[in-house]
Amino acid sequence: MCTFDELLARVLARAAEPGTTIIGIAGPPGAGKSTLTEALVAAARVRLDADAVAYVPMDGFHLADVVLRRLGRLDRKGAPDTFDVAGYAALLRRVRTGTEIVYAPCFERDIEQPVAGSIPVSPDAAVVLTEGNYLLLDDSAWSAVAAEIDEIWYCAIQDDVRIARLVSRHIAFGKPADAARRWVAEVDEPNARLVADTAVRADLVVSADAVMPNSH
């Protein structure tokens with residue numbers, strides 16, 4: 001596995017290339033994708049202008065609960081078909097090719113909903129990091145997302161650590177302990193198994209352990 005400094009060097013090398021490069025970090029729920037991505041963005045911004053580095057999370061493209069309820073998918077929120085996949089691909093395309101600022105959505109865990117227009121991405125961005133479960137999924141809709149990404153890493157982690165982290169996260173955001181464990185077993189883990197099968201398509205396998213405190 002690469003160290004944090006090696007991953008940062010890879011991001012900076014991509015930033016030095018012409019145009020806007022997009023790096024994706026895939027992996028199962030609870031793998032530490034957002035932690036690693038946020039750390040890389042912060043470290044890269046120290047080396048580069050702040051506008052030169054952006055972070056666009058896949059979770060911003062969650063369909064809202066009102067839509068999922070209408071579609072009958074609310075009880076498995078987080079599955080591949082509970083996202084605006086075409087919108088995600090289109091936004092990444094705008095980021096790559098546009099000449100104006102692009103506003104990406106974020107996902108607010110306090111309300112468990114996407115919030116539009118939250119993340120400004122400058123047309124001068126040299127490198128954009130995006131992370132999410134399904135970037136490597138062998139599916140026509142998700143393949144359109146992958147087509148907009150220059151390289152995709154797979155974030156690996158031990159299952160027991162990941163599952164414990166997921167249960168704690170669900171509890172922290174309001175689920176009773178029994179409901180949190182049930183959601184992880186019935187919703188998160190089927191998704192995790194689906195994502196694990198995509199690791200073979202990654203350009204690089206990484207670990208969120210590379211970004212523990214004082215690792216950089």
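The residues of the stretch 94-136 that are touching an Asp or Glu at 6+ places or on another chain (Cβ under 9 Å), surrounded by fewer than 17 Cβ atoms within 10 Å (Cβ to Cβ) and assigned to a loop (DSSP other than H, G, I, E, B), listed by number, are R109, E112, P123, D124.
Per the conditions (1) modelled with pLDDT of 95 or more; (2) part of a loop (DSSP other than H, G, I, E, B), the sole criterion not satisfied by W153 is (2).
May I ask you to list pairs of residues, at least six apart or on different chains, whose Cβ atoms are under 8 Å apart, with the first in the stretch 136-150 being closer than 14 Å to R93 by Cβ and the second being hydroxyl-bearing (S, T, Y) and in a loop (DSSP other than H, G, I, E, B)? Hits for this filter: V145/Y134.
Among the residues examined, G27 qualifies as closer than 18 Å to V145 by Cβ, buried (at least 23 other Cβ atoms within 10 Å of the Cβ) and in contact with a Cys (Cβ under 8 Å, 6 or more places away or on another chain).
Here the condition is being touching a helix residue (DSSP H, G or I) at 6+ places or on another chain (Cβ under 7 Å) and surrounded by fewer than 20 Cβ atoms within 10 Å (Cβ to Cβ); of A147, A141, A185, A180, it holds for A141 alone.
Scanning the stretch 64-88 for residues that are farther than 19 Å from G24 by Cα and either touching a residue at least 24 places away in the same chain (Cβ under 8 Å) or hydroxyl-bearing (S, T, Y) (or both) gives A64, D65, D75, R76, K77, T82.
Condition check ((1) in a helix (DSSP H, G or I); (2) crowded, with 19+ Cβ neighbours inside 10 Å; (3) hydroxyl-bearing (S, T, Y)) across all residues:
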{"position": "P18", "(1), (2), (3)": "no, no, no"}
{"position": "I22", "(1), (2), (3)": "no, yes, no"}
{"position": "T35", "(1), (2), (3)": "yes, no, yes"}
{"position": "E38", "(1), (2), (3)": "yes, no, no"}
{"position": "V56", "(1), (2), (3)": "no, yes, no"}
{"position": "G60", "(1), (2), (3)": "yes, yes, no"}
{"position": "R69", "(1), (2), (3)": "yes, no, no"}
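In the stretch 196-216, of all residues being in contact with a Phe, Trp or Tyr (Cβ under 7 Å, 6 or more places away or on another chain) and modelled with pLDDT of 90 or more, the one that is farthest from I157 (Cα to Cα) corresponds to D203.
Restricting the first member to the stretch 186-207 and to residues that are on the phi > 0 side of the Ramachandran plot, and the second to residues that are among the β-branched types (V, I, T) and not in a strand (DSSP E or B), no beta-carbon pair is closer than 9 Å while six or more apart or on different chains. Among the residues of this structure, D75 does not count as one that is more than 13 Å from the chain's Cα centre (by Cα), assigned to a loop (DSSP other than H, G, I, E, B) and under 25 Å from A180 (Cα atoms).
The values are calculated or read from the model by the stated rules, or taken from the named source; none is laboratory data. Predicted model, so just to flag it, every value in this text is computed and none were measured. Heads up, the Cβs are rebuilt from the backbone with ideal geometry, glycines too, and the neighbour counts pull from every protein chain shown.
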